[in-house]
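The structure appears right after this line, and notes come after that.
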Ligand SMILES: O=P(O)(O)O[C@H]1[C@H](O)[C@@H](O)[C@H](OP(=O)(O)O)[C@@H](OP(=O)(O)O)[C@H]1O
Ligand SMILES: [Mg+2]
Ligand SMILES: [Mg+2]
Ligand SMILES: [Mg+2]
């Protein structure tokens, strides 16, 4: 039987939404078990049983339908054969998707797609019990550009607010297809911060280059947070105006999903010189070597501040 050569983005995104939610169940179970199975991939770069099981579940399940899809996952691991096919119809009756999804997205050549999976973003925070910023990130890129993204936050209440109350861990899904109105995004800007410039950056990898970027932008408030995905979501939900990390550290799987959601809400993500990030399977291109800057508006203003 010949394999399909095209796919419907609504079906792929439907499957990814469900799989991200199921990965959240896996991540919560591992956390509650108390045995995280921490391995150090390198200094300051942990992987846990939750990262592994989450990635195996997502990729193994996608493979039950799309066997030759290009998938780039953060973790180096065997992918077990899974026989349960994920549902692919969640978005097929979504009014906005039917009316606003670009027609070409409904019949995409599989060979031009790459799926980037960060099965658990902010692992370091996860190992330290600071789970509010943990999330599963799935990005779908087409010919080098993000076209759909899914974020699932396992350790938050229904408003997406971190809580230590395990009974409130209902989790939250944020997803977008570029060109389709995004649902469920909140404006989380506090009243005291209206009119101010808030910059968010790393909590765990501060260095001179980051300090220089902060000095160049001169924000009214400097916020420090864990998780590349979490900081991106802070910009998407107006809790920060700009997220900058001006040196190597983040990878394509950290940003592809959030990037698609950001584009869908009118934001921008480039390197600190304003160059587009191209999504590729080339191992040489996986690291964002020059860093990233993420904004919801006035992107060029921040690029000019960083480079003048
Ligand atoms: O946890 P994984 O999936 O390995 O992804 C990491 C990113 O690759 C790093 O860029 C993040 O470091 P920063 O918080 O300095 O952005 C890092 O944030 P963290 O140091 O707060 O955990 C993570 O988001
Ligand atoms: Mg990550
Ligand atoms: Mg990760
Ligand atoms: Mg990692």
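The values are calculated or read from the model by the stated rules, or taken from the named source; none is laboratory data. Since the structure is predicted, the reported quantities are computational estimates derived from the model, not experimental observations. Glycine also receives a Cβ, built like all others from the backbone with ideal geometry; neighbour counts cover every protein chain displayed.
Residues in the range 19-52 that are buried (at least 20 other Cβ atoms within 10 Å of the Cβ) and closer than 20 Å to residue 82 by Cβ: 19, 20, 23, 24, 26, 27, 30, 50, 51, 52. Exactly one residue out of 10, 36 is part of a loop (DSSP other than H, G, I, E, B), touching a residue at least 60 places away in the same chain (Cβ under 8 Å), away from ligand 3 (no atom under 13 Å from the Cβ) and touching a strand residue (DSSP E or B) at 6+ places or on another chain (Cβ under 9 Å): that is 36. Only strands (runs of 3 or more DSSP E) whose full extent lies in the range 76-191 are considered here, and the ones with at least 2 residues that are within 16 Å of ligand 3 (Cβ to nearest atom) are 113-121, 135-142, 145-153. Number of residues in the range 118-133 that are more than 10 Å from ligand 2 (Cβ to nearest atom), under 24 Å from residue 176 (Cα atoms) and in contact with a strand residue (DSSP E or B) (Cβ under 7 Å, 6 or more places away or on another chain): the value is 2. Does residue 210 fit the bill of being at pLDDT 95 or above, surrounded by 14 or more Cβ atoms within 10 Å (Cβ to Cβ), assigned to a helix (DSSP H, G or I) and in contact with a strand residue (DSSP E or B) (Cβ under 6 Å, 6 or more places away or on another chain)? Yes: the conditions hold for residue 210.
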